[in-house]
Amino acid sequence: MPISTVGIILRRLGLSKLAALEPKPAVVRYERQRRGELIHIDTKKLGRIAAVGHRITGDRLETTRGIGWEALHVCIDDTTRLAYSEILTDERKTSAVGFLERALGWFAGRGVTVERVMTDNGSADRSHAFRGAVAAAGLKHKRTRPYTPRTNGKAERFIQTSLREWVYARPYASSQERTLALTPWLDHYNTQRPHTALAHRPPAARLRQSQLLGSTEETVASSRPAANHDRSGEPGQGSPKATGGRRRAASLRRLTTPVTLAQGGAYA
């Protein structure tokens with residue numbers, strides 16, 4: 001049998017590549033325990049807009065060529081899924097460093113102290129300038145395995161959501177109009193949009209829960225008797241019985257109230 005015929009049959013069966021014969025690696029899902037313990041950073045090129053494109057009109061003959069690209073920079077917290085985004089002119093190291101610094105300031109303004117940052121292996125992320133900015137902020141820099149985008153899956157997933165619910169959700173007459181639509185959409189994502197991984201709650205609800213649980217643990221630790229021979233045993237302010245499970249449960253019950261984020265940060 002000719003080799004070309006064999007190739008046609010294999011392609012028809014979806015077996016034309018060796019990767020199709022190898023078992024897919026197991027999906028490893030993880031989530032950091034503390035807010036800010038790890039943030040994911042990634043970028044996505046977006047074509048500039050001069051008019052409504054073929055995705056909306058369906059006419060590929062009416063195209064605008066040569067107007068260039070913009071870069072969507074995203075940052076998402078591993079634990080709370082709280083997200084920050086900007087549209088910048090490019091993906092170069094100067095833009096990457098500036099975005100990192102503004103993202104850290106935005107998260108700090110919402111009570112999230114960042115410890116680690118994960119990026120891919122792009123030239124900007126491997127640059128001395130970016131590594132210096134990470135070190136200056138006192139962070140640990142983690143990079144994904146080459147050609148394995150799933151390692152940075154939370155950022156990849158957030159980019160897909162951004163494309164579906166903001167970038168291509170409606171027609172935009174210009175790039176500026178699309179950029180202006182980013183801020184209200186991102187606020188909706190953080191404070192109102194249900195997230196499947198967060199039990200159908202928005203990221204701001206997980207952030208508030210994390211803050212309340214953190215303050216509860218600190219209260220429990222500080223209210224315990226300093227000496228081991230304290231045998232009062234009464235359920236007062238200094239007893240773990242009064243400050244442990246009951247206070248934690250009361251904190252979680254209070255999460256049913258509307259959740260908002262502190263204002264003052266700029267998304268783009």
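The values are calculated or read from the model by the stated rules, or taken from the named source; none is laboratory data. Since the model is a prediction, treat every value here as computed from it, not as a measurement. Note that each Cβ is placed from the backbone with ideal geometry, even for glycine, and that neighbours are counted across all protein chains shown.
Residue count for segment 131-166 under the criterion of being among the polar types (S, T, N, Q) and out of contact with any Ser or Thr (no Cβ under 8 Å at 6 or more places or on another chain): the result is 3. Put simply, of Q160, Q192, Q176, Q209 the only residue that is modelled with pLDDT under 90 and either polar (S, T, N, Q) or not assigned by TED's automatic domain parsing to the domain that holds A108 (or both) is Q209.
Filtered by the rule that a residue be part of a strand (DSSP E or B) and touching a residue at least 24 places away in the same chain (Cβ under 8 Å), segment 87-110 gives a lone residue, I87. Scanning segment 111-132 turns up no residue that is out of contact with any helix residue (DSSP H, G or I) (no Cβ under 9 Å at 6 or more places or on another chain), in a loop (DSSP other than H, G, I, E, B) and without any contact (Cβ under 8 Å) to a residue 24 or more places away in the chain. Only residues that are within 25 Å of R34 (Cα to Cα) and out of contact with any Ser or Thr (no Cβ under 8 Å at 6 or more places or on another chain) were counted in segment 108-129, giving 9. Cβ-Cβ contacts under 8 Å between residues 6 or more apart (or on different chains), taken from a first residue in segment 184-199 that is surrounded by 15 or more Cβ atoms within 10 Å (Cβ to Cβ) to a second residue that is in a strand (DSSP E or B), are listed as L186/A83; L186/Y84; L186/S85; Y189/A83; N190/A83; H195/R201.
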